[in-house]
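Computed from the coordinates by the stated procedures, all read-outs in this text should not be read as laboratory data. If you're wondering where the values come from, they're calculated on a predicted model, not measured in any experiment. Quick reminder, even Gly has a Cβ in these numbers, built from the backbone with ideal geometry, and neighbours come from all protein chains shown.
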Amino acid sequence: MPRPTSPHIVVIGAGTLGLSCAINLSEQGARVTVLDAGAIASGSSGRSVGVIGTQYSDAFDIKLRVHALRQFRHWETLGLNFQRIGYLRLARTADQMALLAQSVELQDSAGFKSHLHEAGELKKIVPHLSTQGLAGGILGPDDGFIDAHQMCSLLAQMVRESGGTVRQFCRLLDVTRTGGGYRLGVSDDIIRCDMVVNAAGAWAPAVAAMLGQTLHIHPERHEAVTIHLDHPLAYTMPMVMDLVNGQGTGLNFRHEAPTALIAEIHKVDTSSPEDPDAYNDQCNEDSKVALAELLLDRLPDLPGARLGRGWAGLYPVTADDRPFVGPVDPSEPTVITAAGAGGYGIQLAPVIGQLAADWVMQGAPNSMPEAEVLTPNQERNLPRV
């Protein structure tokens, strides 16, 4: 439990990033208050498909997930439901297969399981998969997905049990800098704190502006659809992703229930940002048609498949597609940003929360020093082109 003399930190945002930061702060001895203008996981977190995978060919990306998976495993012992259905990333070319082979080596050195498969072996993993145009793929058998609502509810409970506070439907209205910290005007109260963590996702730029900062995060639309099946498959469909380092259709799909899959297109139009306060949160009909065509090409013989409910969410993305973790302004270390993780926010939330808590309590990302490259400095905090 925090002591009365412990620093009081307010975390703005009760999604996976904000709550991961809050529990890490509590474990480092801070007094924590989490604020959200809506309900827990009501923003991007609650509209994610929740995939957690390790199929990356960059050593830094792998190391981030080493830290993240360590916390996920711990939270599993506390009740987090991690559906380990496997993650299959498809490759179309020999060059992509070479990248996946590199990923196997990196994952093996990090302690992750992964296996490279030629195209002819893929039907053993997904019997209904068409291998036309594919060179092969990489399978992470221990990867899978989580329910972001359940994760956020668990973390919120942990924060409360550690002595912290989680306030839902509590909108930040104004910020005043005081000699010893901040005075936050919220919906029906005044909160005084020593430091603020901006983990507001697609709303992070607006929160930053209230704190006197400029933050460039692009709210990028993504859409997902439930696929209903007449009868259960004889196997569990792993997560299947047709994307390697930005190349591919971006189609991905996975098991959701015995007679249901979830599918989405990971690549979207980034030409104009969405307004997080006024975007259409339903899947557009033309998107459903495009998704159906891609699914028909990749799963042509899936029995009794039909489109069900669709929805839309926002990926908060940065100019270089890597998250912001750290101070925007080095001269103002009392405001720490933890945002901009795009479509990888769920799987990176534990490590982003860990690093943000390090910045707050220790002034540097000491648990992973090389993560200082994630600081939203002038070289990175740029508009997305």
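So, counting K/R as plus one and D/E as minus one, what does the shell of residues with Cβ under 15 Å around Gly179 add up to? The partial results should precede the final answer.
Numbers: positive: Arg177, Arg183, Arg192; negative: Asp194, Glu332.
Within the 15 Å Cβ shell, the charges total +1.
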Next on the checklist: If the elastic network links every pair of Cα atoms under 10 Å, which of Asp143, Asp242, Asp320 fluctuates the most in the Gaussian network model of the chain?
Outcome noted: Asp320
Next on the checklist: Give me the one-decimal nm value for the distance between modelled label points at Asn81 and Asp230, 7 Å along each residue's Cα-to-Cβ direction.
Outcome noted: 2.9
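Counting pairwise Cα distances across the stretch 90-228, what percent come out greater than 23 angstrom?
On the way: 6029 of 9591 pairs.
Within the stretch 90-228, distances greater than 23 Å cover 63 percent of Cα pairs.
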Checklist entry - Once the Cα atoms of helix 345-362 and of the chain are each reduced to a long axis, what angle between those two axes, in degrees from 0 to 90 to the nearest 10, is obtained? => result 20
Checklist outcome for this item: Exposed chymotrypsin sites (Phe, Trp or Tyr not before Pro) being those in a DSSP loop with at most 13 other Cβ atoms within 10 Å, the longest stretch of the chain free of them is 1-168
Checklist entry - Using unit Cβ charges (K, R positive; D, E negative) and no other charged atoms, how large, in debye to the nearest 20, is the dipole of the chain about its Cα centre? => result 720
Item to check | Most fluctuating residue given options Pro303, Pro238, Pro141, as computed from a GNM of the chain linking Cα atoms under 10 Å | outcome: Pro303
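In the P(r) worked out for the chain, what percent of Cα pairs fall beyond 35 Å?
Values: 18072 of 73920 pairs.
The share of Cα pairs beyond 35 Å in the chain comes to 24 percent.
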Item to check | For the stretch 162-172, Karplus couplings with θ = phi - 60° (6.51, -1.76, 1.60), whole Hz, Gly/Pro x | outcome: 8, x, x, 10, 10, 10, 8, 6, 10, 7, 6
Next on the checklist: Please arrange Ser109, Ser48, Ser162 by how many other C-beta atoms lie within 10 Å of their C-beta, fewest to most.
Outcome noted: Ser109, Ser162, Ser48
Checklist entry - If Lys and Arg each add +1 and Asp and Glu each add -1, what is the summed charge of the other residues whose beta carbon sits under 13 Å from the beta carbon of Leu233? => result -2
Checklist outcome for this item: Taking the chain and counting helices only, DSSP H stretches of n ≥ 4 at -39,500 (n - 2.57) each over all residues, the nearest-500 ellipticity at 222 nm comes to -8500 deg cm²/dmol
Checklist entry - So how far apart, in nm, are the two label points at Asp329 and Asp277 if each is 7 Å from Cα heading toward Cβ? => result 2.3
Item to check | Distance between the stretch 91-132 and the stretch 185-261 - C-alpha centres, whole angstrom | outcome: 25
Checklist entry - Helix 148-161 sits at what angle to the longest principal axis of the chain, using alpha carbons and giving 0 to 90 degrees rounded to 10? => result 30
Checklist entry - With the dipole of the chain worked out from charges on the C-beta (+1 for Lys and Arg, -1 for Asp and Glu) around the Cα centre, which of Gln96, Gly250, Val207 lies farthest toward the positive end? => result Val207
Checklist outcome for this item: Of the candidates Leu294, Gly340, Pro316, the farthest towards the positive dipole end of the stretch 286-363 (Lys/Arg Cβ +1, Asp/Glu Cβ -1, centred on the Cα centre) is Leu294
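Report the gain in length on full extension from Ala39 to Asp95: 0.36 nm times residue separation, minus Cα-Cα distance, nm rounded to one decimal.
On the way: separation 56, 0.36 × 56 = 20.16 nm, distance 4.45 nm.
Taking 0.36 nm per residue and subtracting the Cα distance, the gain is 15.7 nm.
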Checklist outcome for this item: Out of Val335, Val351, Val289, a Gaussian network model of the chain with alpha-carbon springs under 10 Å gives the largest mean-square fluctuation to Val289
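Based on Cβ point charges of +1 for Lys and Arg and -1 for Asp and Glu, what charge dipole magnitude is obtained for the stretch 1-154 about its Cα centre, in debye rounded to the nearest 20?
Values: 13 positive and 13 negative charges, 57 e Å.
Approximately 280 debye in magnitude.
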Item to check | Gyration tensor verdict on the stretch 266-362 (Cα atoms; rounded if a/c is under 1.5, prolate if a/b is larger than b/c, oblate otherwise) | outcome: prolate
